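The structure under discussion appears below in the form of structure tokens.
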Amino acid sequence: MAQGLAIAALAAAIGIGLILLQAGLSKLRHRILLPGVIANYRLLPPALVAPAAILLPLAEIAIGAALIAGLAPVPVLLAMLLLSLFAGAMAINIARGRSHIDCGCGRSQLRHPIGWPLVIRNLLLIALVAPRLLPAPPLSVLDIATATAGGIALFLAFHLLGAILALIATPAAAYRR
């Protein structure tokens with residue numbers, strides 16, 4: 001039982017690490033747009049938007065790489081904090097009636113308005129990675145390979161679900177010619 005939980009927890013950490021790494025790299029590629037996305041949340045004073053736009057992708061990349069490398073507990077706690085901040089920022093704006101804004105989730109080619117499904121998604125990711133904080137037995141090479149495959153599957157499922165949710169949220173008029 002403990003072995004299975006340790007493998008599942010490592011798989012979740014690897015998958016979430018890949019998600020954060022990809023999101024950070026995407027934000028770097030589209031760094032000109034990022035300050036506008038951050039400012040649109042209307043949570044930071046204007047003077048902090050530019051520094052946040054510089055630090056956020058770097059934090060996502062560093063935390064993601066550390067999770068992929070299997071490091072714990074600090075990267076796990078930082079990932080949980082980052083995902084909590086994202087969920088909180090979205091929840092505040094939804095409560096303000098501002099659900100039309102783009103989440104800035106890392107895929108600029110697919111606009112994705114914020115909504116409760118995204119808040120829940122982030123909370124689920126937090127719950128998935130939390131068991132990585134528990135004491136775990138040593139893992140064999142096969143266990144690590146299994147966790148890696150599971151992490152990749154989580155990463156792919158995350159992006160598939162994200163694309164589906166973004167398409168559902170897109171007005172039908174966007175598909176007309």
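None of the figures in this text is laboratory data; all of them are computed from the coordinates on show. Model, not experiment: these values are computed from the prediction. Note: ideal-geometry Cβ built from the backbone for every residue, glycine included; neighbour counts use all protein chains shown.
Worth pointing out:
- The calculated 222 nm mean residue ellipticity attributable to helices in the chain amounts to -24000 deg cm²/dmol, summing -39500 (n - 2.57) over DSSP H runs of n ≥ 4 and dividing by all residues.
- For segment 142-148, 3J(HN,Hα) computed residue by residue from phi via the Karplus equation (6.51, -1.76, 1.60; θ = phi - 60°) reads 5, 4, 5, 5, 4, 5, 4 Hz, glycine and proline entered as x.
- Here, segment 32-73 has an Rg and a Dmax of 12.9, 36 Å when only alpha carbons are counted.
- Note on segment 2-169: dipole from Cβ charges, positive end direction compared against Leu20, Ala89, Val76; the farthest Cα belongs to Ala89.
- Under the convention that each Lys and Arg Cβ holds +1 and each Asp and Glu Cβ holds -1, the size of the dipole of the chain around its Cα centre is about 700 debye.
- Cα-based radius of gyration for the chain, normalised by 2.2 N^0.38 Å, reads 1.07.
- Contact order, relative form, for the chain: 38 percent (alpha carbon pairs under 8 Å, 6 or more residues apart, mean separation divided by residue count).
- Rounded Å value of the spacing that divides the Cα centres of segment 77-151 and segment 12-46: 12 Å
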